[in-house]
2 protein chains.
Amino acid sequence: MTIQESGTARPAGRPRSEKAEKAIIEATLDLIGEGMGVSELSIEAIASRAGVGKTTIYRRWSNKEDLVVDALATLKAPVPPLAGTSVRDDLISLLDTMRSEAGNPRSRCVINIAMSEADRYPQLMERFVKRAIEPRKAAMRDVIKRGIASGELRADLDVDMGMAILTGTMMWHTKWGPAGDLPADLAERIVDAALAGMTP
Amino acid sequence: MTIQESGTARPAGRPRSEKAEKAIIEATLDLIGEGMGVSELSIEAIASRAGVGKTTIYRRWSNKEDLVVDALATLKAPVPPLAGTSVRDDLISLLDTMRSEAGNPRSRCVINIAMSEADRYPQLMERFVKRAIEPRKAAMRDVIKRGIASGELRADLDVDMGMAILTGTMMWHTKWGPAGDLPADLAERIVDAALAGMTP
DNA sequence: CCGATACGCAACGGTCCCGTTTCGTAAACT
DNA sequence: AGTTTACGAAACGGGACCGTTGCGTATCGG
């Protein structure tokens, strides 16, 4: 009751280790990024990888799902800044962000989770979609609507279908395309192909 | 050495039950179709679901992967007969097969496996791709090439990119589209949108 | 009938993970 | 110094599966 009167009262005793918390979340993201499904994640594996006792994990999160939600929440927003000059360029930026993320082990978490755990953890997915998927969709929707308004895109274009084509084609390549890294010009080729269509 | 001289000699003793074998494979496909990943499949769960002893499974397959491969191999070829009248109609047929399969619990196996287990079981995927994916790709490739030759599609069209657009867009809908059943005219709308492109 | 094999079932020892508890130690406070 | 809480490590009882084995029964050929 002498000093430290300011702000929230610090609880007595040894404070929780920030470092341990970081290590736990890093370990969780590492494992997910390596392709491990949420259902196969084990607290023991996370603790071991993080160099931490299980106690330290259970003291902070009461179950695996809460931990995964918090871990995914630390991934930063995935929407790149858009030049706004042409719709084509902005679409390429959006898709190229997806492409580069496919090679980044940390961002790969987003893809792996979205791909594999859709049905099994609905509440996790709900929060996850809201945080990681919706911002991308909103950004792309804005660009497409802007293109329709400016005349760069056809007036009768189905916005949602356009988004599905662009996103779905890139997702297809990340998952079933030729093995190895995605070619640097993939986003550009997808956008140009989708814009041009297939008929003469 | 009296009768039954024809063909392969029947081994002595009680023959293996065809019914049990069927039940095991059905149970396996059921579980996969319900969204269970290969890594979460347990022999005990399969045996229980099939109403069969574990012995009966291990007598036939030495490990889970072999069983899954055999189970998936029983799924019949997924390529529909094509009318061959117009490229547009044939593409719609191909995509609509994918759409209807998304609602069929048995065929859903194909999607779930392809989505989730790509990395983890490479040899399983190899055989699986060869059997279930390649025939579809070949069929679609033929249709697109035919369209290019006939002038229905642009001469400079990238065949692989066209396939990625059509397939990827349908896959996107099956996984992340609005909840519930896919609309009956989805294949038609995708094909028309992809053919027309997005520019005026 | 008899030998051989498959069947379903139950039990085995072993491994992995669960969520909890105990222990000795470390780091903050009064 | 003394209190309080967090730490990593280890161990607990419990559960799910593993792959195997033994059991009594069923179904084939000879």
(request) Please express the shape of the range B:53-139 as an equivalent ellipsoid: the semi-axes are the square roots of 5 times the eigenvalues of the C-alpha gyration tensor, given largest first in whole angstrom. (result) 30, 13, 11
(message) Working only with C-alpha atoms, what are the Rg and Dmax values of the range B:1-98, expressed in angstrom?
(response) 19.5, 62
(message) Explain nothing, just the number: relative contact order of the range B:18-73, from Cα pairs under 8 Å at least 6 residues apart, as a whole percent.
(response) 44 percent
(request) Grab the DSSP H runs of chain A that are 4 residues or longer, score each as -39,500 (n - 2.57), total them, divide by all residues and round the 222 nm result to the nearest 500 deg cm²/dmol. (result) -19000 deg cm²/dmol
(request) Quick one: which residues, 5 or more positions from residue A:154 or on another chain, have an amide H under 5 Å from its amide H? H modelled 1.01 Å from N in the peptide plane, none for Pro or chain starts. (result) B:199
(message) Solvent-accessible area of residue A:146, probe 1.4 Å, all protein chains present, reported in Å² to the nearest ten, please.
(response) 90 Å²
(request) Report, to the nearest 10°, how far helix B:18-33 tilts away from the longest principal axis of the Cα atoms in chain B, using its own Cα long axis and a range of 0 to 90°. (result) 40 degrees
(message) Taking the rotation axis that maps chain B onto chain A, which residue of B brings its Cβ closest to that axis, and at what distance in whole Å?
(response) B:197, 1
(message) Once the label point is set 7 Å along the Cα-to-beta-carbon vector, what list of distances in nm do you get between residue B:60 and its counterparts in the other copies?
(response) 4.8
(request) Please report how far the C-alpha centroid of the range B:16-47 lies from that of the range A:21-87, rounded to the nearest whole angstrom. (result) 32 Å
(request) Compute, for residue B:59, the solvent-accessible surface of its heavy atoms (probe 1.4 Å) with the complete set of protein chains present, and express it in square angstrom to the nearest 10. (result) 130 Å²
(request) Using only Cα atoms, figure out Rg for chain A and give it as a multiple of 2.2 N^0.38 Å. (result) 1.29
(request) Report the calculated FRET efficiency for residue A:129 and residue B:60 (r = Cβ-Cβ distance, R0 = 41 Å), to the nearest 0.05. (result) 0.45
(request) For residue A:137, list the lysines whose Cα falls under 16 Å from its own Cα; do not include residues on the same chain fewer than 8 positions away. (result) A:76, A:145, B:175
(message) If I fit a long axis through the Cα atoms of helix B:186-196 and take the longest principal axis of the Cα atoms of chain B, what angle between them do I get, 0 to 90°, rounded to 10?
(response) 40 degrees
(message) Relative contact order for chain A: what percent, with Cα pairs under 8 Å and sequence separation of 6 or more?
(response) 22 percent
(message) Can you sort B:60, A:108 by solvent-accessible area, 1.4 Å probe, largest first?
(response) A:108, B:60
(message) Could you give each residue of the range A:159-165 its phi-based ³J(HN,Hα) in whole Hz, using Karplus coefficients 6.51, -1.76, 1.60 with θ = phi - 60°, and x for Gly or Pro?
(response) 4, 5, 5, x, 5, 4, 5
(request) Would you mind getting the Kirkwood hydrodynamic radius of the range A:18-73 from its Cα pairs, rounded to one decimal in Å? (result) 10.8 Å
(message) For a quick size check, give me the Cα extents of the range A:87-196 along its three principal axes, largest first, whole Å.
(response) 41, 32, 18
(request) Project the alpha carbons of the range A:138-197 onto their principal axes and report the range along each, largest first, in whole Å. (result) 38, 19, 18
(message) Suppose we take every Cα in the protein assembly as shown and form the convex hull; what volume per residue is that in Å³?
(response) 204 Å³
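The values are calculated or read from the model by the stated rules, or taken from the named source; none is laboratory data. Values in this document were obtained by computation on a predicted structure and should not be read as measured data. A quick note on method: Cβ atoms are made from the backbone with ideal geometry, for glycine too, and the neighbour counts reach across all protein chains shown. Note: areas computed on protein heavy atoms with side chains; ligands, DNA, RNA excluded. Shrake-Rupley method; radii C 1.70, N 1.55, O 1.52, S 1.80 Å.
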